[in-house]
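Have a look at the structure below, then the notes.
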């Protein structure tokens, strides 16, 4: 009887613990993202999605098709097209027809886009470094490892429920 | 000279480590949230914001004003009003004039709303338990502690930059 009560009690505690971890996880993510968005707007008059497009293009110096860019960013084609058009009119991105299929366009950073991205990336990295400044290298390594365990756990649940 | 190179090297590694932790943190949060949203739609034809409103009302059995509800949910008054109107027309929420100020309305869960929330909460907790099933109690406790350190670090940075 005591063992049974104990088991129920532990079960309830364990249940609350995962929810408490999740709430704290979501709270950290939201606060960091909110702060990054706010600073991109205030200090560079730009947005996180624009930064993500520039970062993806930075990794493809030879240029990339719009559909590959959408795939890399995990967002819909329409959204990426609108962002790329904006960045193009700002002079940060150029597009040209694909040599093998003139209906598809290849987009790439301009030199101005590369400079602009470098400024954004420096600030972005600094903001992140500041937000993580209270964590020791050991804390960071431990957190990185535990998030890997969580990621694997989330992945395993997906397989089971699929 | 070697010490200097070493220092720069460590600095670069440390910088990359916080970004790697952040990317993993955001990836876990996004995957979990996306999965919860999807299941609320598929299995209950409802949304995460509706669930959040019901959860907030559940904690206030005597009812709550719309502005207190907005504050508790950290969202704008207009958004909460729209959600509450929806939930009211579904029969999950009732509203009445505040006794001290008839222009303000007090909203509360109906009995049907309470039953509906109980079903949602049971499923929600089970989904979370399943997603965290690969983490031992020690992992959960360690992750909870490290997220507290991160939260404090983010908070301290905000103070400094304010």
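The values are calculated or read from the model by the stated rules, or taken from the named source; none is laboratory data. The model shown is predicted, which means the values in this text are computed figures rather than measured ones. All Cβ positions, glycine included, derive from the backbone under ideal geometry; neighbour counts span all protein chains shown.
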Requested in this report: Could you tell me whether residue B:142 is modelled with pLDDT of 95 or more and within 12 Å of chain A (Cβ to nearest Cβ)?
Outcome: yes
Query raised in the report: Could you list, in sequence order, the residues of the stretch B:129-147 that are crowded, with 19+ Cβ neighbours inside 10 Å and free of Cβ contacts under 8 Å to residues at least 60 places away in the same chain?
Result: B:132, B:135, B:140, B:143, B:146, B:147
Query raised in the report: Going through the stretch A:24-42 one residue at a time, which ones are more than 30 Å from residue B:142 (Cβ to Cβ), within 11 Å of chain B (Cβ to nearest Cβ) and in contact (Cβ under 8 Å) with a residue 60 or more places away in the chain?
Result: A:39
Query raised in the report: Taking the stated definitions as given, is residue A:85 surrounded by fewer than 16 Cβ atoms within 10 Å (Cβ to Cβ) and either at positive phi or in contact with a strand residue (DSSP E or B) (Cβ under 8 Å, 6 or more places away or on another chain) (or both)?
Result: no
Query raised in the report: Can you tell me which residues in the stretch A:1-45 are at pLDDT below 95 and not in a helix (DSSP H, G or I)?
Result: A:1
